[in-house]
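Below: the structure, in structure tokens.
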Amino acid sequence: MLYNEPNPLETRVLTKRFGIPNSEKAEVYVANGGYQAFLKATGMPPEKIIEEVKVSNLRGRGGAGFPTGLKWSFVPRTSPKPKYLICNADESEPGTCKDRLLMEYDPHQLIEGMLIGGLAVDSHKGYIYIRGEYRYLITMMEHAIDDAYAHGWLGKNIQGTGFDFDLYVHTGAGAYECGEETALLDSIEGKRGVPRMKPPFPAVAGAWGCPTLLNNVETYSAVPNIIRDGGAAFAALGTPKNGGTRLVCLSGHVNKPGVYEIPLGYPMLEFIEKFGGGVRGGKKLKAVIPGGSSCPVLTASECDIIMDYDTLAKAGSMLGSGGMVVIDEDTCMVKAALRIMRFYAHESCGWCVPCREGTTWLRKMLQRFHDGMGQASDIPIIGQVSKNMLGRTFCALGDAAAMPTISIVEKFREEFEAHLDGRPCPYEHKPAMALA
Amino acid sequence: MTFSPALEARFAKLLTIYPEGRQRSAVVPMLMYAQDEVGCVTRELVEEVARRCGVQPMQVDEVIGYYSMLHTKPLGKYHIQVCTNISCLLTGGEELYEHAKKTLGIGNKEVTPDGLFSLEEVECMGACSWAPAVEVNYDFHHHVTCEKLDRLIEDLRKLK
Ligand SMILES: Cc1cc2nc3c(=O)[nH]c(=O)nc-3n(C[C@H](O)[C@H](O)[C@H](O)COP(=O)(O)O)c2cc1C
Ligand code: FES
């Protein structure tokens, strides 16, 4: 059973097999067109595979949106060292819940994507790093992997092609920071997940010091479609430099929250109306977090745009991880900023000072503000402290905390002012539950 | 220490999946699975995992403080985790968490006297589009209301 009704307007590329029973069985996958792309790829030179991925304009779905084909080309495939493939299934960016579905409803699509990645960079061992809270998915993924071995889609000399590939699951244990690629590498090595200095990038020196290709679940899951139908077909679904479809996790104050697959470049307001069924309770839209809580918030008037990486960047925000949070007129933006900061302060690994101290102080200041004890002079300080974290940390967690805060302070300053002089939060009498 | 045959089999496999000499990688997965069986990460377990992975107990201690899902004290038989992060907050997660505190009579990270329940306010757990969400041990519950939570707690009480 799917968690939400699919919408007929979806463009189902990665999700086209969602809902087929026994998805963990390799035979079911094969019967529905699966593993054909891998077989096709075994007949292609690695450069050609990477070229197809480049042509597809696929960009990383984990958050940063880095061009996937380009990343693949950075792995030194002739290095004498072993090369590893890692799938980032840590999925912890608030607002994001799509990798879960890709593993639950089409685990072999992910396995196939990783196999193709293995062919492209000459890697023979892969790991899927799944967040610890997803224990049921770890079990499901293990079953799918076991079944792939049993049917000769993993292991030695896969389907007589001469290609060997082993794939394993590694469980996380509760830490947002481990979704950051270099912290993930430390974590998989059995250490505390703290970020590494870059460069070297994982492509050159990753897991256990070896070249490592690291991608998000959705990124790998897109690859079989690209190889099967050609990169150009995938690219054509989206906008220039923003190829394909993506799974958008719609949440917050909409009538029909859910995960929906749409082409890149879909208009945002139309998406909220046609997929989300509009803002709940006939309320007015106040703001949208377009791609996970680390993205700068857009005001309602800024939402009349199409959703692709470049357009969102131009609008001063990000497409991020696809976690789109819709916020209605009855929501206190100071409270939203506070809750977001509480998260980043809790999850800061403490490795670098600007992030550890910055997030903690910001949390305290925002809390004080929301409690009605803020001072007018705090408003610019909140903005300044945030700006001082930007670009000054080992990894992007500091930026992730700063960006939404800066945008909320700048765009919703009057809401901060409404909390001054001991006035109670103007929204406090509007409990979220009353709307449910 | 000895564990159930299933867990022993998992451990044996874990020691083979990482590159030669890199068995430290198995530390966190071993702790995660073992704590379910042992009840929590005990001193004895730390030493056992260290021995099996060929690392110092201190290297195991180091990770325990870092990962929020590793517990050195037993949780309730049913560990109720309520998300109050942004998507859940907007759909009633906070009210749900307050309600859970009242119903169970315990606060964050506390255990009921009978050891049956523990409660934790957690960060986003990847259920945002079906918020507000609650996870009981490893089971997800979506679109949870106060009434649904009460029913769930009652059912678990009967199950024991
Ligand atoms: C603090 C932080 C948390 C992150 N969490 C995740 C995550 O949970 N899942 C993910 O795929 N990428 C996450 N990322 C992005 C990864 O660092 C990395 O860019 C991504 O996994 C690369 O894969 P892609 O190119 O396919 O997107 C995170 C980044 C940061 C800075
Ligand atoms: S915000 Fe609660 S599950 Fe994501």
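Residue pairs whose Cβ atoms lie under 7 Å apart, separated by 6 or more positions or on different chains, with the first residue in segment A:171-183 and among the charged types (D, E, K, R) and the second more than 7 Å from ligand 1 (Cβ to nearest atom), are A:Glu177/A:Ala183; A:Glu177/A:Gly193; A:Glu177/A:Glu347; A:Glu177/A:Cys349; A:Glu180/A:Pro195; A:Glu181/A:Pro202.
For segment A:347-387, enumerate the residues that are part of a loop (DSSP other than H, G, I, E, B), surrounded by fewer than 16 Cβ atoms within 10 Å (Cβ to Cβ) and of a type outside the set (Ser, Thr, Tyr).
Hits for segment A:347-387 are A:Gly350, A:Gln375, A:Ala376.
Regarding segment A:244-265, can at least one residue be identified that is free of Cβ contacts under 8 Å to residues at least 24 places away in the same chain, away from ligand 2 (no atom under 16 Å from the Cβ) and open to solvent by 20 Å² or more (accessible area, probe 1.4 Å)? Within segment A:244-265, none of the residues are free of Cβ contacts under 8 Å to residues at least 24 places away in the same chain, away from ligand 2 (no atom under 16 Å from the Cβ) and open to solvent by 20 Å² or more (accessible area, probe 1.4 Å). If the condition is being crowded, with 24+ Cβ neighbours inside 10 Å, within 16 Å of ligand 2 (Cβ to nearest atom) and at the interface with another protein chain (Cβ under 10 Å from one of its Cβ atoms), then segment A:173-218 contributes A:Ala175, A:Tyr176. Give the residue that is nearest to the other protein chains (Cβ to nearest Cβ), with candidates limited to residues of segment A:153-166 that are over 16 Å from A:Gly126 (Cα atoms) and of a type in the set (Gly, Ala, Ser). Within segment A:153-166, the match that is nearest to the other protein chains (Cβ to nearest Cβ) is A:Gly162.
Tally time: how many residues in segment B:128-139 are under 17 Å from the mean Cα position of the chain (by Cα) and either more than 8 Å from chain A (Cβ to nearest Cβ) or within 6 Å of ligand 2 (Cβ to nearest atom) (or both)? Give the steps one after another, and end with the answer.
First pass over segment B:128-139, keeping only residues under 17 Å from the mean Cα position of the chain (by Cα): B:133-139.
Right, trim to either more than 8 Å from chain A (Cβ to nearest Cβ) or within 6 Å of ligand 2 (Cβ to nearest atom) (or both) and you get B:133-134, B:136-137.
Total satisfying the criteria: 4.
Any residue that is surrounded by 15 or more Cβ atoms within 10 Å (Cβ to Cβ), away from ligand 1 (no atom under 16 Å from the Cβ) and more than 28 Å from B:Ala131 (Cβ to Cβ) - is there at least one of those in segment A:388-405?
The initial filter retains those residues of segment A:388-405 that are surrounded by 15 or more Cβ atoms within 10 Å (Cβ to Cβ), namely A:389-390, A:392-405.
If we keep only those that are away from ligand 1 (no atom under 16 Å from the Cβ) too, we end up with none.
No, segment A:388-405 contains no residue that is surrounded by 15 or more Cβ atoms within 10 Å (Cβ to Cβ), away from ligand 1 (no atom under 16 Å from the Cβ) and more than 28 Å from B:Ala131 (Cβ to Cβ).
Remark: A:Ser56 matches the filter, which requires a residue to be away from chain B (no Cβ under 14 Å), open to solvent by less than 30 Å² (accessible area, probe 1.4 Å), out of contact with any Cys (no Cβ under 9 Å at 6 or more places or on another chain) and among the polar types (S, T, N, Q).
Going by the conditions given, is A:Met141 assigned to a helix (DSSP H, G or I) and more than 11 Å from ligand 1 (Cβ to nearest atom)? Against the criterion (assigned to a helix (DSSP H, G or I) and more than 11 Å from ligand 1 (Cβ to nearest atom)), A:Met141 qualifies.
Scanning segment B:37-62 for residues that are surrounded by fewer than 20 Cβ atoms within 10 Å (Cβ to Cβ) and within 9 Å of another protein chain (Cβ to nearest Cβ) gives B:Val55, B:Gln59, B:Glu62.
Consider A:Gly162 carefully, then state whether it is more than 10 Å from ligand 1 (Cβ to nearest atom), in a loop (DSSP other than H, G, I, E, B) and closer than 22 Å to A:Gln36 by Cβ. Yes, satisfied. Within segment B:128-156, the set of residues being open to solvent by 30 Å² or more (accessible area, probe 1.4 Å) and part of a strand (DSSP E or B) comprises B:Asp139, B:Phe140, B:His141.
Please determine, by comparing only the residues of segment B:114-127 that are away from ligand 1 (no atom under 13 Å from the Cβ) and within 14 Å of another protein chain (Cβ to nearest Cβ), which one is least open to solvent (accessible area, probe 1.4 Å). Before the answer, list the steps.
Going residue by residue through segment B:114-127, those that are away from ligand 1 (no atom under 13 Å from the Cβ) are B:114-122, B:127.
Okay, now just the ones that are also within 14 Å of another protein chain (Cβ to nearest Cβ), so B:120-122, B:127.
Details: B:Glu120: 23, B:Glu121: 44, B:Val122: 21, B:Ala127: 3 Å².
Restricting to residues being away from ligand 1 (no atom under 13 Å from the Cβ) and within 14 Å of another protein chain (Cβ to nearest Cβ), the top hit is B:Ala127.
Check whether at least one residue in segment A:112-127 is over 19 Å from A:Tyr84 (Cβ atoms) and either touching a Gly at 6+ places or on another chain (Cβ under 6 Å) or open to solvent by 20 Å² or more (accessible area, probe 1.4 Å) (or both), and report yes or no. Checked against the condition, which is being over 19 Å from A:Tyr84 (Cβ atoms) and either touching a Gly at 6+ places or on another chain (Cβ under 6 Å) or open to solvent by 20 Å² or more (accessible area, probe 1.4 Å) (or both), segment A:112-127 yields no hits at all.
The values are calculated or read from the model by the stated rules, or taken from the named source; none is laboratory data. All values reported here derive from a predicted model rather than from experimental measurement. Using ideal geometry, Cβ is built from the backbone for each residue, glycine included, and neighbour counts are taken over all protein chains shown. We work out accessible area using only protein heavy atoms, side chains counted, and drop any ligands, DNA or RNA first. Shrake-Rupley method; radii C 1.70, N 1.55, O 1.52, S 1.80 Å.
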